[in-house]
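The values are calculated or read from the model by the stated rules, or taken from the named source; none is laboratory data. Being a predicted model, the structure only gives us computed values, none of them experimental. Neighbour counts run over all protein chains shown; Cβ positions are idealised from the backbone, glycine included. Areas reflect the complete protein model, heavy atoms only, side chains present, ligands, DNA and RNA absent. Shrake-Rupley method; radii C 1.70, N 1.55, O 1.52, S 1.80 Å.
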Amino acid sequence: MDGEVTEELKNQIVEFFKKKNKMMTSRDVAKGLGLDHRTAKRALTELVNAGTLEFTSSGGATFIKLPDES
């Protein structure tokens with residue numbers, strides 16, 4: 001699983017966020033799903049750009065999370 005960002009990978013990441021139900025860093029996602037960090041960052045950026053996930057900052061660190069339910 002090196003390099004390619006597929007729809008299946010993005011779905012796995014969204015499900016991982018739903019299961020964990022907390023803010024995580026790109027490294028947390030990479031480690032949790034056994035991904036290369038660069039691949040995880042690329043997939044997360046695509047998901048954020050699509051509005052599926054969002055960035056948030058806390059204490060000088062950047063986290064990724066599911067958007068708040070409105």
Exercise for review: Within the range 32-50, track down each residue that is part of a loop (DSSP other than H, G, I, E, B) and either open to solvent by 50 Å² or more (accessible area, probe 1.4 Å) or of a type in the set (D, E, K, R) (or both).
Suggested key: 34, 36, 50
Check your understanding: So which residues in the range 20-30 are surrounded by 19 or more Cβ atoms within 10 Å (Cβ to Cβ) and free of Cβ contacts under 8 Å to residues at least 40 places away in the same chain?
Key -> 26, 29, 30
Review point. Which one of the conditions (1) open to solvent by 60 Å² or more (accessible area, probe 1.4 Å); (2) among the small types (Gly, Ala, Ser); (3) at negative phi does residue 60 fail to meet, given that it meets all the rest?
Key: (3)
Revision key, fill the gap. Within the range 1-19, residues being part of a loop (DSSP other than H, G, I, E, B) and either of a type in the set (Val, Ile, Thr) or open to solvent by 100 Å² or more (accessible area, probe 1.4 Å) (or both) number 5
Check your understanding: With (1) assigned to a helix (DSSP H, G or I); (2) modelled with pLDDT under 95 as the list, and residue 22 as the residue in question, which single condition is left unmet?
Key -> (1)
